[in-house]
Amino acid sequence: MSDQTKLDTDQALTVGRAGSLANILVMTEEMLESARNDQWDDVTEMEERRRQALSECFGAPIPEEHSELFTEALAAMLHMNEELISLLENAKAEVAIKRTDQARTSKSLGHYLDIESTH
């Protein structure tokens, strides 16, 4: 393989990986939107696809001349991930509150039924 052919191949792979990274950013934005709408099943499904895409995108070293582009894209994705984690923590807290409320209601109903059955 000539040096020029290798250079062209490397550039094509880098452009393809940049496109993949752009798609990963779009996936992350979609995950974030689904999380904002409490569509956690969708988030989970997209996360599986995103992990695979990340694995493929970063399966080889990033050429130094493109490292800044990839660094900026990763920074954006990490920022979105932080928001996703925050939304997840909030959703978990809400579920915990609902469980506590349900347990109290169940206990109150049980107590009420006990009182009713003694009368």
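Values quoted throughout were computed directly from the atomic coordinates according to the rules given, and no laboratory measurement underlies them. Model, not experiment: these values are computed from the prediction. Note that each Cβ is placed from the backbone with ideal geometry, even for glycine, and that neighbours are counted across all protein chains shown.
Between A76 and E48, take the C-beta separation as r, use R0 = 25 Å, and let me know the FRET efficiency to the nearest 0.05.
Efficiency computed from Cβ-Cβ geometry: 0.75.
Modelling each spin label as a point 7 Å along the Cα-to-Cβ direction, I'd like the S20/E94 distance in nm, to one decimal.
3.5 nm
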